[in-house]
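In what follows, a structure is listed as structure tokens, so that the remarks can point back to it.
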């Protein structure tokens with residue numbers, strides 16, 4: 001399903017996630033003997049998933065491609 005929200009103007013984008021509403025989380029290195037966790041998309045805590053600096057609007061759709 002495509003993102004139905006309109007494009008967010010650059011000046012209104014969240015500085016942490018650049019308007020995506022999600023950030024790529026990489027787990028810390030596992031301790032000896034523990035299984036490693038997988039990296040994943042998590043909701044941006046700065047904008048609460050809206051992608052906007054003012055936190056208004058609906059939550060953005062999670063990206064399908066892996067982050068970098």
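The values are calculated or read from the model by the stated rules, or taken from the named source; none is laboratory data. Not measured: the values here are computed from a predicted model. So basically every Cβ, Gly included, is an ideal-geometry build from the backbone, and we count neighbours across all protein chains shown.
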Out of the residues in segment 13-41 that are surrounded by fewer than 16 Cβ atoms within 10 Å (Cβ to Cβ) and modelled with pLDDT of 95 or more, state the one that is nearest to the chain's Cα centre (by Cα). 16
Output the number of the condition that residue 42 fails; it satisfies all remaining conditions of (1) assigned to a loop (DSSP other than H, G, I, E, B); (2) touching a strand residue (DSSP E or B) at 6+ places or on another chain (Cβ under 7 Å). (1)
Pick from segment 1-22, criterion touching a strand residue (DSSP E or B) at 6+ places or on another chain (Cβ under 6 Å) and outside any loop (DSSP other than H, G, I, E, B), ranking: farthest from residue 65 (Cα to Cα): 12
Quick check on my filter: what residues within segment 51-60 are surrounded by 15 or more Cβ atoms within 10 Å (Cβ to Cβ) and over 9 Å from the mean Cα position of the chain (by Cα)? 52, 53, 57, 59
